[in-house]
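Undergrad: Here's a structure for you.
The values are calculated or read from the model by the stated rules, or taken from the named source; none is laboratory data. Please read all numbers here as calculations on a predicted model, not as lab measurements. All Cβ positions, glycine included, derive from the backbone under ideal geometry; neighbour counts span all protein chains shown.
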Number of protein chains: 2
Amino acid sequence: MTTPLTNPRAERVRGVHQLAQRSAREKSGRMLVEGPQAVREAVRFAGERVRDLYVSTDALTRWSAIVEEALAADRYVHPCDPWVLERMSGDAQGILAVVDRRDATLAEIVDDDAGPPRLVVVCEALADPGNAGTIIRAADAAGADGVVLTAGSVDVTSPKVIRSSAGSVFHLPVVRGAALAETVEALRGVGLTILAADGDGPVDLETTDRLAAPTAWIMGNEAHGISPDVRELADAVVAVPLRGHAESLNVAMAATIVLYASSRAHA
Amino acid sequence: MTTPLTNPRAERVRGVHQLAQRSAREKSGRMLVEGPQAVREAVRFAGERVRDLYVSTDALTRWSAIVEEALAADRYVHPCDPWVLERMSGDAQGILAVVDRRDATLAEIVDDDAGPPRLVVVCEALADPGNAGTIIRAADAAGADGVVLTAGSVDVTSPKVIRSSAGSVFHLPVVRGAALAETVEALRGVGLTILAADGDGPVDLETTDRLAAPTAWIMGNEAHGISPDVRELADAVVAVPLRGHAESLNVAMAATIVLYASSRAHA
């Protein structure tokens, strides 16, 4: 480790701070990973992509296990004065990392050496970073093979997506900017049933016998739901039953429920 | 309807704005309901408690159905210049309401004339307003009889809780400031099995035969999980299985899954 960084106006500090902006991420090919949970998963699952790890001097003891793991993997660890880290990010809880971006491809999900995928999530024009992160985390927890976001969706390299995924973005392939029709075709081509989730769907999640098959779930946009194209492309449109007075679930809750229903049916 | 409010510095405008603060809500006994979804549910399910409804003049057409429903129920509807509404709240999407608070009691859940409860959620020291709102929405969607938050939890009359509940706070009793041991005793007294949700729990949600019984689920704090007291009080500690590399689910996702598992088992 080096001597602590003390100048909040240093070029390096500004460079990290700017990774909150999409343009800076596109230009540098790097992204900002905030907080102990996401940083730990980056070090553990994508260690070779971790360029620099920054830790507040007042958090070195608290996050020593992560720091040791990073040092053992020959990563650069920079202690920083607390106000320097605060200048880099207000959501770091004392630790953050700059990580090389890596764009996963649909081929990684479809042509996995371990065999064809059994559970995939496709998000259509998903807008909210918190929802994207939560859906990636739910996909991970349900043992899914990958997540695909169509063009027009939120940038999954944004710090808020990474943070709300609790580091799950480092656990499974997350494809961004995908074309919907091609994605569906490729997934169907390896034997997946295409199910779209929508509150108005005619098929009931709890009584359908379709869940046993390998499945790709399509989740719609927060405001508009699934598109007419998806209704056309899907093998079935499936609804989570609503039992109280709630008129809908948000997309992250719905994704969590359908993914768990599938993983249970596959178990 | 009256002539539009035009002065963003008026006492009335300031009074609405201040309802974002807990102290102002405690003092006035009122709360701030933002956005079309939550306002519509307030008008529909708690109409007699809606004191005033404020609509931006540029959103009157868009939300005319809600305005008509409020006028039909003899509620005060105030058109406002857009900047006046913006001064009241930055998250209103052109419509908000000031609503009398009403504290639900545990007795409402336990002694419901419709029969003993079959599904209740108890949140222990829940801290995040978004999680609280999402859990209330999930409870509603799963047909639960009520939600109880223990003392030390986030204030469920905060605008962010109401908004993220999508108005579900108006659909079922939400008890705040409850004592944990008394709550568990009362729920057990009407025949509910007490299940605590925790990632470390020895009982697997998907294989347990306990879900068929009427159930109260206890969800823990975001950072600390369920307390030793809850482990002591519960009939079982139940984990949602994790199949990928995810180390945990967030509390709102876990609540959504366990509530749906119960509602399905009860169906």
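Undergrad: Pull out all pairs, ordered by first then second residue, where Cβ-Cβ is under 8 Å, the residues are six or more apart or on different chains, the first lies in region A:81-102 and is free of Cβ contacts under 8 Å to residues at least 40 places away in the same chain, and the second is of a type in the set (Phe, Trp, Tyr) and crowded, with 23+ Cβ neighbours inside 10 Å.
TA: Between residues of region A:81-102 that are free of Cβ contacts under 8 Å to residues at least 40 places away in the same chain and residues that are of a type in the set (Phe, Trp, Tyr) and crowded, with 23+ Cβ neighbours inside 10 Å, the close pairs are A:Leu85/A:Tyr54.
Undergrad: Still on this structure: Among A:Ala181, A:Ala197, A:Ala186, A:Ala213, which is at pLDDT 95 or above and touching a Phe, Trp or Tyr at 6+ places or on another chain (Cβ under 8 Å)? Break it down stepwise before answering.
TA: Details: A:Ala181 fails: touching a Phe, Trp or Tyr at 6+ places or on another chain (Cβ under 8 Å); A:Ala186 fails: touching a Phe, Trp or Tyr at 6+ places or on another chain (Cβ under 8 Å); A:Ala213 fails: touching a Phe, Trp or Tyr at 6+ places or on another chain (Cβ under 8 Å).
Residue meeting the stated conditions: A:Ala197.
Undergrad: While we're on this one: Could you list, in sequence order, all residues of region B:15-26 that are touching a residue at least 60 places away in the same chain (Cβ under 8 Å) and surrounded by fewer than 20 Cβ atoms within 10 Å (Cβ to Cβ)?
TA: Result: B:His17, B:Ala20, B:Arg22, B:Arg25.
Undergrad: Return the total of residues in region B:95-118 being part of a loop (DSSP other than H, G, I, E, B), of a type outside the set (Asp, Glu) and under 20 Å from the mean Cα position of the chain (by Cα).
TA: Counting residues in region B:95-118 that are part of a loop (DSSP other than H, G, I, E, B), of a type outside the set (Asp, Glu) and under 20 Å from the mean Cα position of the chain (by Cα) gives 6.
Undergrad: With region B:159-267 as the region, which helices (runs of 4 or more DSSP H) entirely inside it contain at least 2 residues that are within 14 Å of another protein chain (Cβ to nearest Cβ)? Steps first, answer last, please.
TA: Numbers: elements: B:159-164, B:180-189, B:228-233, B:251-266.
In region B:159-267, B:159-164, B:251-266 are the helices (runs of 4 or more DSSP H) which contain 2 or more residues that are within 14 Å of another protein chain (Cβ to nearest Cβ).
Undergrad: Go through A:Glu68, A:Glu48 for me and flag whichever is of a type outside the set (Phe, Trp, Tyr), surrounded by fewer than 16 Cβ atoms within 10 Å (Cβ to Cβ) and more than 15 Å from A:Asp100 (Cα to Cα).
TA: The unique qualifying residue is A:Glu68.
Undergrad: Which of the residues belonging to region A:114-147 are in contact with a Gly (Cβ under 9 Å, 6 or more places away or on another chain) and within 11 Å of chain B (Cβ to nearest Cβ)?
TA: A:Arg118, A:Leu119, A:Gly130, A:Arg137, A:Ala139, A:Asp140, A:Ala141, A:Ala142, A:Gly143, A:Ala144 - these are the residues of region A:114-147 that are in contact with a Gly (Cβ under 9 Å, 6 or more places away or on another chain) and within 11 Å of chain B (Cβ to nearest Cβ).
Undergrad: Select, from A:Ala42, A:Ala38, A:Ala24, A:Ala20, the only residue that is in the same structural domain as A:Gly94 (by TED's automatic domain parsing) and in contact with a Phe, Trp or Tyr (Cβ under 7 Å, 6 or more places away or on another chain).
TA: A:Ala42
Undergrad: Still on this structure: Determine which member of the set B:Thr61, B:Thr150 is among the hydroxyl-bearing types (Ser, Thr, Tyr), in contact with an Asp or Glu (Cβ under 9 Å, 6 or more places away or on another chain) and away from chain A (no Cβ under 14 Å).
TA: Testing whether each residue is among the hydroxyl-bearing types (Ser, Thr, Tyr), in contact with an Asp or Glu (Cβ under 9 Å, 6 or more places away or on another chain) and away from chain A (no Cβ under 14 Å) leaves just B:Thr150.
Undergrad: When A:Ala92 is evaluated against the numbered criteria (1) of a type in the set (Gly, Ala, Ser); (2) assigned to a loop (DSSP other than H, G, I, E, B); (3) surrounded by fewer than 22 Cβ atoms within 10 Å (Cβ to Cβ), which criterion, by number, is the only one it fails?
TA: (3)
Undergrad: Which residue pairs have Cβ atoms under 7 Å apart, sit 6 or more places apart or on different chains, and have a first residue in region B:27-39 that is away from chain A (no Cβ under 14 Å) and a second that is among the small types (Gly, Ala, Ser)?
TA: Partner pairs satisfying both residue conditions: B:Leu32/B:Ala20; B:Leu32/B:Ser89; B:Val33/B:Ala42; B:Val33/B:Ala97; B:Glu34/B:Ser89; B:Glu34/B:Ala92.
Undergrad: When the residues of region A:104-134 are filtered to those that are out of contact with any Ser or Thr (no Cβ under 9 Å at 6 or more places or on another chain) and hydrophobic (A, V, I, L, M, F, W, C), which remaining residue is surrounded by the fewest Cβ atoms within 10 Å (Cβ to Cβ)?
TA: A:Ala114
Undergrad: Ok, one more. Taking B:Gly115 as the residue in question, decide whether it is without any contact (Cβ under 8 Å) to a residue 12 or more places away in the chain and not acidic (Asp, Glu).
TA: Working: without any contact (Cβ under 8 Å) to a residue 12 or more places away in the chain: yes; not acidic (Asp, Glu): yes.
Taking the combined requirement at face value, the residue satisfies it.
Undergrad: When you check A:Arg87 against the structure, is it over 23 Å from the mean Cα position of the chain (by Cα) and at pLDDT 95 or above, yes or no?
TA: On the way: over 23 Å from the mean Cα position of the chain (by Cα): yes; at pLDDT 95 or above: yes.
It is true that A:Arg87 is over 23 Å from the mean Cα position of the chain (by Cα) and at pLDDT 95 or above.
Undergrad: Taking the stated definitions as given, is A:Ala246 at negative phi and without any contact (Cβ under 8 Å) to a residue 12 or more places away in the chain?
TA: When the stated conditions are applied, A:Ala246 passes them.
Undergrad: Starting from region B:185-207, keep only residues that are at positive phi, then list their pairs with residues that are part of a loop (DSSP other than H, G, I, E, B) whose Cβ atoms are within a distance under 6 Å, requiring at least 6 positions of separation or different chains.
TA: B:Gly191/B:Pro116; B:Gly191/B:Pro214
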